[in-house]
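None of the figures in this text is laboratory data; all of them are computed from the coordinates on show. Note that the structure is predicted; figures quoted are calculated from it, not measured. Cβ placement follows ideal geometry from the backbone for every residue including glycine, while neighbour counts extend to all protein chains displayed.
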């Protein structure tokens, strides 16, 4: 056997410079052949075969590696630290972090409400196969029950009815086809441009204005028809925001207006899935997040809405929205223009106005879905704005200003209520505080005449604004009364609570019934009427023969029919309708059995 030659003799200069041996024996590589060097290629050692791992061990190993990868990709700071530090971050700093995960697992995990529900709900939800269905039912039905003040599952008939509904939902899940979603309704270029012009001509308010030029938005319908042109998600979301607002205020009859709005909402909600992963710290993305937040809530996609809201707060903080009135020196924050004092004051008023709406939305997520506060106490310094923003009062903005004044008073009441739930242990102090909050809500309702406001509305947006004020007041009155220590968990409801629930559902029925061919989504139920619905339900189950039982059942049946009609165009929401129908049938049977 020929002894192996030293490395210097078996490779040419080229091979040695690349730190490789020549990979051919016959013939030699051209470089080795040119210098007369013999190529000797050492044989590679055979790699020892590892014993086959059990499939369960393989899966466990993969999961462990995924966990390590998630830990590696997560921000190292705790949420509280993130909030404190981000207020001082520059736009460029935050922008570089945009594509990193903004969330830690403890924030994104759905939390239980402050007043937890009894455990009967969870076994029912766990019987369902799809996480999407579980999340849907939790966010639209079950998460509302703790704030009603009793456990509806204590009643055997209701418990059996809901169990039967879950069985029906299981069958529906088995038959459900992933292709059930309706295709978007096409919008002609002419109509899209008409609605964009209506939006710009009719939107006289400085706040929440689409931050893109009218001419650019008018060009988008043509751009969407060009195959090789791709618009970014933010521009498309803002385009549809202008279109749908113009559609709302169009005075002319629009065929199938309601389904058009629903189709646009569904389209934008689907677009939001990819948009949340590419958000930038810019003003257009901030305003896009406002629309995505609203649309995803309307489509019962609570977790996507929560993620969108998180991005909204991150961008707003970076642009100076949380420190508009902070005592700071130096150059203007990113959100302020370097312009005249008048222009700067208008900009500050606009930012104040929009911030207070964000603060209200933060309370909504805490109250309805048990989420943690994204705007922590002490992390903001923002005064109340002039509701007109620019000091000019226009008739077209009257309802917006009224809504701001009323809803922000409600927001302050909500903040006090949430603090009571979290920090007050003394029963007497707790009940007295709730009484004071109820008095404040009642004063808000007295300050504004509901009939006068509703009769003077001339477009769908103003109508929804009025509805939001009064129905929110009704809901809060019920919650305050039911959470008093003496009333919480009582088997029989007070007549006052029942009257408020009836008034709320009667108002919704009147508004929706009088506005034909307008869009009223399923959020009417789970954002406004879930609590009154269960109050009337419990009133019938506890006393099936009370004098208003039939009228109450009629209101419940109307709401059930409304939800059922709504889910025709949204078949993935059918589980909500199944549960409501089961509860209504349960109440009807209770009344029949008592005769």
Original post:
How far apart, in nm, are the 7 Å Cα→Cβ label points at residue 499 and residue 213?
Top reply: 6.0 nm
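Using the Cα atoms of region 364-427 to build a convex hull, what is its mean projected area in square nanometres?
Reported value for the Cα convex hull: 6.1 nm².
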Original post:
Can you sort 265, 239 by how many other beta carbons sit within 10 Å, fewest first?
Top reply: 265, 239
**OP:** Please work out the FRET efficiency for the pair residue 447 and residue 588, using the Cβ-Cβ distance as r and a Förster radius of 30 Å; give the result to the nearest 0.05.
**Re:** 0.15
Original post:
For the residues 282, 428, what sequence is obtained by ranking on other C-beta atoms within 10 Å, fewest first?
Top reply: 428, 282
Original post:
Which value in nm describes the separation of the simple spin-label points at residue 168 and residue 405, placed 7 Å from the Cα toward the beta carbon?
Top reply: 4.7 nm
Original post:
So what's the gap between the Cα centers of region 188-248 and region 492-558, to the nearest angstrom?
Top reply: 38 Å
**OP:** Give the Cα extents of region 184-318 along the principal axes, in whole Å, largest first.
**Re:** 39, 36, 29
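Please report the projected area of region 412-518's Cα convex hull averaged over all directions, in nm². Could the numbers behind the result be given before it?
Details: hull surface 31.3 nm².
So the Cα hull casts an average projection of 7.8 nm².
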